[in-house]
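The values are calculated or read from the model by the stated rules, or taken from the named source; none is laboratory data. In this text, all values refer to a predicted model and were calculated from it rather than measured experimentally. We place every Cβ from the backbone using ideal geometry, glycine too, and count neighbours over all the protein chains shown.
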Amino acid sequence: MNLYELTMQQAHRLLSEKEVSSQELTAAVIDRIKTVDEKTNAYITVAEKTAMEEARLADKIISEGNTLPLTGIPIAIKDLICTEGIRTTCASKILENFIPPYDAAVIKKLKNEGAVIVGKVNMDEFAMGSSTEHSSMKLTHNPWDLERIPGGSSGGAAVAVAADMCLGSLGSDTGGSIRQPASHCGVVGMKPTYGRVSRFGLVAFASSLDQIGPLTKNVRDCAMLMKVISGYDPSDSTSVPKDVPDYTLLFQDGLKGITVGIPKEYQSTKGLNPEVSAAIKSAVRTIEAIGADCIEVSLPHVEYAVAAYYVIASSEASSNLARYDGVKYGFRDKGNGNLLGMYRSTRSKGFGTEVQRRIIIGTYCLSAGYYDAYYKKASQVRTLIMEDFSRAFKTCHVILSPVAPTPAFKIGEKYDDPLTMYLSDIFTLSANLAGIPGMSIPCGFSSEGLPIGLQIMGNHFNEEVMFKVAHNFEKATDFHIQKPVL
Ligand code: GLN
């Protein structure tokens, strides 16, 4: 087995037993990037020099017998999480040369464990998109079929894991951006409960929805990363002071006593691909066979999730992105020489079309006279969706659904049709609106050999039970060990 193929857990064992050094492991991963990433384009920045230094430091920690679970493990970071001294572009021209003077809270946590930051990975510009095609940096390809999108917006983070160009990665999820690319690339991805993981140092898209979370090769690795990045942080006012369980210790076998809910509304969703539907049904049967009880639940308002999400997310984006005015950060275009002209020209040239579209929609929704009709209305719908989930979780522990309505689509297929692109998030947006955790785990393949993901959603701060279901499903199946050939 090649070193880059290791899971985080396997690498941790080999590192602590000193069978392998972090320098060897990191060099193998960087070598792998050099060999295959010209086909996939996952990385925007490979931080080879600092990564090798961090690996040396990790080896020292290990030799002193102070190995922690992530010590020496190479991790990739979505390019909207601030890394001190390493360019953080948000895949946008406007931040093309932005080098943050500080680390995000999650990066500090990784570094405190002695993890190795391999580099920064591609995404849709400012995380707006479902295919990574809206990056202003490069086009990322799905390793299972290079003519297809990897999903988005954390497309690079999913590809880097799927193609063994890191052992795990961090992405962000505002409406599905961890779960949908995880599903399209056949890896595990989790969006934690809103408030579980600090967003200090995450470049904001829609602040009432954004969460950082892990993408990994299997469920246990996901739990390992979650344990490290979770927890209260006074620098993020939405972070919740709640103890973090050791998720990895909670991996009991069997699902006796667990009730899974299947939303009836999702079964007749228009545009749901029959192969995806069949894979989900078969996954549910497997979960029942391991001992869980299955019931039907109802989420009557999720049909309005896409509409509510795109009003709320765009409104918050228009407000958050107001700071990029050519004065404080990054790119500036002089324009016609006066201040307004400079603003206009900087923002027109610095932002791509999708980001501009969101800013225009959002500014309209928030404008005087329209606020009540759009933002306020969408917020009321959001409350109804939240109540749907609270009601459902009175009768079940987790809710199962597809992650995406279809397997990965072809590059270019939905690019010119924003509405169709927005519909790829139909199953994931509700969890962000409700603030609940959601994860994607591999549960099958299409007839064309493309991965399909199962979504597991849990109640607020109940990631444990999701891990339990995911772990048992993974033990009973082998979808997570299949690899794309590059
Ligand atoms: N695809 C959704 C959007 O474009 C979600 C993006 C995300 O989760 N960052 O807004």
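Being touching a residue at least 24 places away in the same chain (Cβ under 8 Å) and closer than 17 Å to Val118 by Cβ, is that true of even one residue in the stretch 186-205? Checked the stretch 186-205: at least one residue is touching a residue at least 24 places away in the same chain (Cβ under 8 Å) and closer than 17 Å to Val118 by Cβ.
Within the stretch 392-429, being touching a residue at least 24 places away in the same chain (Cβ under 8 Å), within 16 Å of His460 (Cα to Cα) and more than 12 Å from the ligand (Cβ to nearest atom) holds for Ala392, Phe393, Thr395, Cys396, His397, Val398, Ile399, Leu400. Which of the residues spanning the stretch 157-176 are touching a strand residue (DSSP E or B) at 6+ places or on another chain (Cβ under 6 Å) and either more than 9 Å from the ligand (Cβ to nearest atom) or of a type in the set (Ser, Thr, Tyr) (or both)? Within the stretch 157-176, Ala157, Ala158, Ala160, Val161, Cys166, Leu167, Gly168, Ser169, Leu170, Ser172 meet the criteria. When the residues of the stretch 177-212 are filtered to those that are near the ligand (Cβ under 8 Å from one of its atoms) and among the polar types (S, T, N, Q), the one that is surrounded by the most Cβ atoms within 10 Å (Cβ to Cβ) is Ser177. Only residues that are within 18 Å of Thr140 (Cβ to Cβ) and charged (D, E, K, R) were counted across the stretch 28-82, and they come to 7. For Ser154, the conditions (1) within 11 Å of the ligand (Cβ to nearest atom); (2) out of contact with any Lys or Arg (no Cβ under 8 Å at 6 or more places or on another chain) all hold with the exception of (2). Among the criteria (1) surrounded by 15 or more Cβ atoms within 10 Å (Cβ to Cβ); (2) under 27 Å from the mean Cα position of the chain (by Cα); (3) more than 16 Å from the ligand (Cβ to nearest atom); (4) small (Gly, Ala, Ser), the one Gly362 does not fulfil is (3). Would you pick out the residues in the stretch 228-255 that are in contact with a His (Cβ under 9 Å, 6 or more places away or on another chain) and of a type in the set (Asp, Glu)? If the condition is that a residue be in contact with a His (Cβ under 9 Å, 6 or more places away or on another chain) and of a type in the set (Asp, Glu), then Asp253 is the only one that fits. For Gly330, indicate whether it is buried (at least 16 other Cβ atoms within 10 Å of the Cβ) and within 16 Å of the ligand (Cβ to nearest atom). So Gly330 fails the test. Applying the condition of being β-branched (Val, Ile, Thr) and under 24 Å from the mean Cα position of the chain (by Cα) to the stretch 302-327 and asking which residue is surrounded by the fewest Cβ atoms within 10 Å (Cβ to Cβ) yields Val306. Would a scan of the stretch 33-47 turn up a residue that is touching a His at 6+ places or on another chain (Cβ under 9 Å), among the aliphatic types (A, V, I, L, M) and closer than 23 Å to Pro214 by Cα? Checked against the condition, which is being touching a His at 6+ places or on another chain (Cβ under 9 Å), among the aliphatic types (A, V, I, L, M) and closer than 23 Å to Pro214 by Cα, the stretch 33-47 yields at least one hit.
Within the stretch 222-231, identify whether any single residue is basic (Lys, Arg), under 30 Å from Ser298 (Cα atoms), within 23 Å of the chain's Cα centre (by Cα) and modelled with pLDDT of 95 or more, and answer yes or no. For the stretch 222-231, residues basic (Lys, Arg), under 30 Å from Ser298 (Cα atoms), within 23 Å of the chain's Cα centre (by Cα) and modelled with pLDDT of 95 or more: absent. Touching a residue at least 60 places away in the same chain (Cβ under 8 Å) and either over 22 Å from Ser298 (Cβ atoms) or within 16 Å of the ligand (Cβ to nearest atom) (or both): does that describe His471? So His471 fits the description; yes.
Here the helices (runs of 4 or more DSSP H) wholly within the stretch 1-94 that include at least 3 residues being more than 25 Å from the chain's Cα centre (by Cα) and without any contact (Cβ under 8 Å) to a residue 24 or more places away in the chain are 48-63.
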